[in-house]
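Have a look at the structure below before the remarks.
The values are calculated or read from the model by the stated rules, or taken from the named source; none is laboratory data. Everything numeric in this text was worked out from a predicted model, so none of it was measured. All Cβ positions, even for glycine, are placed from backbone atoms using ideal geometry, and neighbour counts span all protein chains on display.
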Amino acid sequence: MNLNYRLLPLALTAVLAAAPALGAGPRGTRPVLPTVDAGEAASLTFMREEEKVARDTYLAMEARWDALPFANIAQSEQQHMDAVKASLTKYALPDPVNPDLPGVFDNETLQQMYTDLLARGETSYLEALRVGGLIEEVDIDDVQDAMDATDNADLKTMYGNLLRGSRNHLRAFAAAIEALGVVYEAQHLDQATVDAIIDSPMERGGMAGAPASDRVLAALDDRETMARGGAGQGSGQGSKGKGKGTCS
């Protein structure tokens, strides 16, 4: 199933805050703030909310199913949100997110995406895991687009960190699905790209947070071992244990 949620190329509007000009006078000049162009500003605004879609969805799925790996990855998505927020602040751009309103988004497309995926994830634990996989596939696609569209080294570094984290998240969701005896199938990216990601090791560096991701996968491996011994739940709600830390 390939659901085409390709979101970032949609028309986005953003207003660049004017950077202060160099001042004249005997006391010297005012510093010029770093700037981004309109496309980079729009991407940052969009990414801030797209990461919130992931965080809010995973928090809702954790509340519904109380199972790995939602809580861990929700913490990681908060780190991703914070990283994008730091860039918005650095470039004097407004923040579209109200942290006190989970599940609420300025971008109508993201609002609809959240609503649709939340309803889908409520139907079963397996479907909730597939929702997580879909979110990460879409995120990988959109972050790569944003990274390719900028020549700003600071933004490229930040987006690169987000990409590593999202690939790790996709690996964690695929592992959780396969621990239930189901093969993970690509939902947005092509199957070859997804297979290359999930068949490769957890990544380290930046916000990738591989050590915590390894703990999530270790917990899933333990559950799969129990299932083979007759103690598993099969296609039920999965492990109630919680891994510590985050898998950024």
| Among the listed residues Asn98, Asn107, which satisfies the condition of being surrounded by fewer than 18 Cβ atoms within 10 Å (Cβ to Cβ), farther than 18 Å from Ala172 by Cα and either more than 14 Å from the chain's Cα centre (by Cα) or of a type in the set (Asp, Glu) (or both)? | Asn98
| Is there a residue being at pLDDT below 95, out of contact with any Ser or Thr (no Cβ under 8 Å at 6 or more places or on another chain) and part of a helix (DSSP H, G or I) anywhere in segment 190-210? | yes
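Of the residues Gly160, Gly165, Gly181, Gly236, which is modelled with pLDDT under 95 and either of a type in the set (Gly, Ala, Ser) or part of a helix (DSSP H, G or I) (or both)? Let's see the steps before the verdict.
Working: Gly160 fails: modelled with pLDDT under 95; Gly165 fails: modelled with pLDDT under 95; Gly181 fails: modelled with pLDDT under 95.
Step by step, each of Gly160, Gly165, Gly181, Gly236 is checked, and only Gly236 is modelled with pLDDT under 95 and either of a type in the set (Gly, Ala, Ser) or part of a helix (DSSP H, G or I) (or both).
Would you confirm, using the coordinates I've provided, whether Val131 is of a type in the set (Val, Ile, Thr) and touching a Gly at 6+ places or on another chain (Cβ under 6 Å)? Give the derivation first.
Working: of a type in the set (Val, Ile, Thr): yes; touching a Gly at 6+ places or on another chain (Cβ under 6 Å): yes.
Criteria met by Val131.
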| field | Pairs with Cβ under 9 Å, 6+ apart, first in segment 64-75 and farther than 17 Å from Ile177 by Cβ and without any contact (Cβ under 8 Å) to a residue 40 or more places away in the chain, second hydroxyl-bearing (Ser, Thr, Tyr) and assigned to a helix (DSSP H, G or I) | value | Ala74/Thr57; Ala74/Tyr58
| Is it the case that segment 82-92 has a residue that's under 13 Å from the mean Cα position of the chain (by Cα) and crowded, with 16+ Cβ neighbours inside 10 Å? | yes
| said: Just checking, does segment 80-88 include any residue being in contact (Cβ under 8 Å) with a residue 40 or more places away in the chain and over 15 Å from Tyr159 (Cβ atoms)? | reply: no
| said: Among the residues of segment 108-131, are any acidic (Asp, Glu) and under 21 Å from Phe46 (Cα atoms)? | reply: yes
| said: Can you pull out every residue in segment 159-176 that is surrounded by fewer than 24 Cβ atoms within 10 Å (Cβ to Cβ) and more than 17 Å from His188 (Cβ to Cβ)? | reply: Gly160, Asn161, Arg164, Ala175
| Given Glu49, Glu40, which one is farther than 30 Å from Val182 by Cβ, in contact (Cβ under 8 Å) with a residue 24 or more places away in the chain and within 13 Å of the chain's Cα centre (by Cα)? | Glu49
